[in-house]
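Quick notes on the structure that follows.
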Amino acid sequence: KERQLEELLHAVESRGGARTPCLLLPAKADSRLGQHWYPLPMLLCKVFRWPDLRHCSEVKRLCCCESYSKAHSELVCCNPHHLSRLCELESPPPPYSRYSMDFLKPS
């Protein structure tokens with residue numbers, strides 16, 4: 001719809017600096033980029049925000065979004081600025097020991 005395209009344009013041009021509404025589209029709408037199929041919210045994030053995005057698990061929906069707490073809804077928000085990218089660790093965490101620091105506890 002034309003109104004949703006205008007809202008998407010406003011969200012993209014403001015780069016998240018302006019409060020923009022949700023762009024609700026059918027959750028089952030998948031889109032293709034090259035040879036790969038992506039869920040529509042991920043595709044828009046890949047195109048407008050993070051070209052190196054590889055998987056849906058790398059982003060999390062912000063609480064300002066209407067789709068935030070809805071696990072299975074017919075409509076999903078496709079506003080790329082209603083998602084946040086999760087940080088990756090630069091190095092793996094240290095190995096955990098079964099016997100932590102028992103020797104440091106006072107006797």
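The values are calculated or read from the model by the stated rules, or taken from the named source; none is laboratory data. Being a predicted model, the structure only gives us computed values, none of them experimental. Backbone-built Cβ (ideal geometry, glycine too); neighbour counts: all protein chains shown. These area figures cover heavy atoms from the full protein model, side chains too; ligands, DNA and RNA do not enter into them. Shrake-Rupley method; radii C 1.70, N 1.55, O 1.52, S 1.80 Å.
Here is how the numbers come out for the structure above:
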read-out	value
Tabulated pairs, segment 53-64, first among the small types (Gly, Ala, Ser), second open to solvent by 60 Å² or more (accessible area, probe 1.4 Å), C-beta under 9 angstrom, 6+ apart or interchain	Ser57/Leu86
Any pair with Cβ under 6 angstrom, 6 or more apart, that starts in segment 5-19 at a residue that is not polar (S, T, N, Q) and ends at one that is not in a loop (DSSP other than H, G, I, E, B)	Ala11/His81; Val12/Phe48; Gly16/His81
Filtered residues of segment 37-62 (kept if more than 13 Å from Asn79 (Cα to Cα) and either open to solvent by 90 Å² or more (accessible area, probe 1.4 Å) or not in a strand (DSSP E or B) (or both))	Trp37, Trp50, Pro51, Asp52, Leu53, Arg54, His55, Cys56, Ser57, Glu58
Checklist (1) in a loop (DSSP other than H, G, I, E, B); (2) out of contact with any Cys (no Cβ under 8 Å at 6 or more places or on another chain); (3) modelled with pLDDT of 80 or more; (4) not aromatic (Phe, Trp, Tyr) applied to Lys28, failing item	(3)
